Amino acid sequence: MDETKAIMQELIAHAKTKTRANVYYREDWECEYFAVMNKCFGRMDQTYITLKGDPLDNGAMREIYKDIIPGYYANKIHWNSIKLNTKELSIEDIKRMIDTSYDLVVKKLTKKEKMLLENK
């Protein structure tokens, strides 16, 4: 198995540990799609993983790391794309970014959706 596929599998496995997270291949976008309560918290193809983040943090990370760019096919303020084959960030760094993205999306859920989420 090549390195990129191994990284993708590890990131998918991590995302699936989140409460009510659903990760599946989305044919129309040709990517792995990360969702909670039908709301996107990430997408990943063979090159990038795109995740939601705090706008101030997103800008700072882009200045620090060349392997982080404005969100590919996403709102450039709220989303960053991270190269999967990065040497600048560890897999654990990217997992923390997945956690942040998930938490930001959950925070914006309606009261009803949050109740459903909590009741697993």
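Can you pull out the residues in the stretch 63-84 that are farther than 18 Å from Ile98 by Cβ, assigned to a loop (DSSP other than H, G, I, E, B) and of a type in the set (A, V, I, L, M, F, W, C)?
Ile77
Which condition breaks for Leu109 when tested against (1) assigned to a loop (DSSP other than H, G, I, E, B); (2) within 15 Å of the chain's Cα centre (by Cα); (3) among the aliphatic types (A, V, I, L, M)?
(2)
Do the conditions hold for Ala60, that is, is it buried (at least 16 other Cβ atoms within 10 Å of the Cβ) and among the small types (Gly, Ala, Ser)?
Spelling it out, it is not the case that Ala60 is buried (at least 16 other Cβ atoms within 10 Å of the Cβ) and among the small types (Gly, Ala, Ser).
Out of Gly59, Gly42, Gly53, Gly71, which single residue is of a type outside the set (Asp, Glu) and under 18 Å from Leu117 (Cβ atoms)? Break it down into steps so the answer makes sense when it comes.
Numbers: Gly59 fails: under 18 Å from Leu117 (Cβ atoms); Gly53 fails: under 18 Å from Leu117 (Cβ atoms); Gly71 fails: under 18 Å from Leu117 (Cβ atoms).
So the residue among Gly59, Gly42, Gly53, Gly71 that is of a type outside the set (Asp, Glu) and under 18 Å from Leu117 (Cβ atoms) is Gly42.
Touching a helix residue (DSSP H, G or I) at 6+ places or on another chain (Cβ under 8 Å) and of a type in the set (A, V, I, L, M, F, W, C): which single residue out of Ile12, Ile68, Ile64 fits that description? Walk me through how you get there before you give the answer.
Details: Ile12 fails: touching a helix residue (DSSP H, G or I) at 6+ places or on another chain (Cβ under 8 Å); Ile64 fails: touching a helix residue (DSSP H, G or I) at 6+ places or on another chain (Cβ under 8 Å).
Result: Ile68 is the single residue among Ile12, Ile68, Ile64 that is touching a helix residue (DSSP H, G or I) at 6+ places or on another chain (Cβ under 8 Å) and of a type in the set (A, V, I, L, M, F, W, C).
Looking at (1) surrounded by fewer than 13 Cβ atoms within 10 Å (Cβ to Cβ); (2) among the basic types (Lys, Arg); (3) in contact with a strand residue (DSSP E or B) (Cβ under 7 Å, 6 or more places away or on another chain), which is the only condition Lys108 fails?
Looking at each condition in turn, Lys108 falls short on (3).
Between Tyr102, Tyr65, which is surrounded by 13 or more Cβ atoms within 10 Å (Cβ to Cβ), in contact with a Lys or Arg (Cβ under 7 Å, 6 or more places away or on another chain) and either among the charged types (D, E, K, R) or at pLDDT 95 or above (or both)? Give the derivation first.
Details: Tyr65 fails: in contact with a Lys or Arg (Cβ under 7 Å, 6 or more places away or on another chain).
Checking each option against the conditions leaves just Tyr102.
Looking only at the stretch 10-31, how many residues end up being in a strand (DSSP E or B) and under 23 Å from Glu113 (Cα atoms)?
We begin by selecting, within the stretch 10-31, every residue in a strand (DSSP E or B); these are 21-26, 31.
Retained after the next criterion (residues that are under 23 Å from Glu113 (Cα atoms)): 21-24, 26.
Count: 5.
What's the total number of residues in the stretch 68-94 that are surrounded by fewer than 17 Cβ atoms within 10 Å (Cβ to Cβ), of a type in the set (Val, Ile, Thr) and either at pLDDT below 95 or under 12 Å from the mean Cα position of the chain (by Cα) (or both)?
1
Going through Thr50, Thr86 one at a time, which residue ends up being under 25 Å from Arg20 (Cα atoms), of a type in the set (Ser, Thr, Tyr) and either in contact (Cβ under 8 Å) with a residue 12 or more places away in the chain or in contact with a His (Cβ under 9 Å, 6 or more places away or on another chain) (or both)?
Thr50
Taking the stretch 90-106 as the region of interest, how many residues are without any contact (Cβ under 8 Å) to a residue 24 or more places away in the chain and either within 13 Å of Lys39 (Cβ to Cβ) or part of a helix (DSSP H, G or I) (or both)?
Keep residues of the stretch 90-106 that are without any contact (Cβ under 8 Å) to a residue 24 or more places away in the chain, which gives 90, 92-93, 96, 103.
Those left that are additionally either within 13 Å of Lys39 (Cβ to Cβ) or part of a helix (DSSP H, G or I) (or both): 92-93, 96, 103.
Qualifying residue count for the region: 4.
The values are calculated or read from the model by the stated rules, or taken from the named source; none is laboratory data. Nothing here was measured: the structure is a model prediction, and the numbers come from that model. Virtual Cβ from ideal backbone geometry, glycine too; neighbours counted across all protein chains shown.
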